[in-house]
Amino acid sequence: MQNQASDQWAFFQAKSIKEALAENERGQLEREGNRGGGAELAARLKACNDRIAKYEKEKGKIQERAQLLEKERDEVLRHGRPFGVAVIFLQIAILLSSVAALLKKQWVWVAGMAVGICGLVQFANGFWLFM
């Protein structure tokens, strides 16, 4: 997601640069037109204006797409943190359960189960975001 959004913003920037170059060219053509120009100059000026309009239109579409990808990325990131926390809790639960089996201590096993339940709650939170 992040790469796609970055690519879209880079594409947007490229179109902005092309638009700026076309605007500079239009300014030069307008200055030439003030000194006197013919039909060829008018045609070049019209083509330049058409390119600028095209770039503006394309930039709008690219910007919308980039913003949509950023929103999707943000939504994915909101789900990612609870899953990471769930993994940590579940690993600790597995560790405690293993230690309980080695030591044959029921209270360590109960602690492992409690931590495991916290991990499962965080895992569910990763899907439904209720916390």
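List of remarks:
- Helix-only mean residue ellipticity at 222 nm for the chain, each DSSP H run of n ≥ 4 adding -39500 (n - 2.57), per residue, nearest 500: -34000 deg cm²/dmol
- Viscosity 1.002 mPa s, 20 °C: Kirkwood-radius Stokes-Einstein D of the stretch 1-74 over Cα pairs, µm²/s: 156
- Among the trypsin sites (Lys or Arg not before Pro) within the stretch 1-75, those in coil by DSSP and having at most 14 neighbouring Cβ atoms inside 10 Å are ARG35.
- Placing unit charges on the Cβ atoms of the charged side chains and taking the dipole of the stretch 1-120 about its Cα centre, the candidate lying farthest along the positive direction among ILE62, LEU95, TRP9 is LEU95.
- Note on the stretch 41-102: along the principal axes its Cα atoms extend 89, 14, 7 Å, ordered by decreasing extent.
- Normalised contact order of the stretch 2-128, rounded percent, pairs of Cα under 8 Å and 6 or more residues apart: 26
- With K and R counted +1 and D and E -1, the other residues having a Cβ less than 12 Å from that of ILE52 yield a net charge of +2.
- Applying the criteria of a DSSP loop state and at most 14 other Cβ atoms within 10 Å to the GluC sites (Glu not before Pro) of the stretch 19-95 yields no site.
- √(5λ) per eigenvalue of the Cα gyration tensor, the stretch 2-128, largest first, Å: 66, 11, 7
Every number in this text was worked out from the coordinates using simple rules, so none of it is lab data. These figures come from a predicted structure and were not determined experimentally. Neighbour counts run over all protein chains shown; Cβ positions are idealised from the backbone, glycine included.
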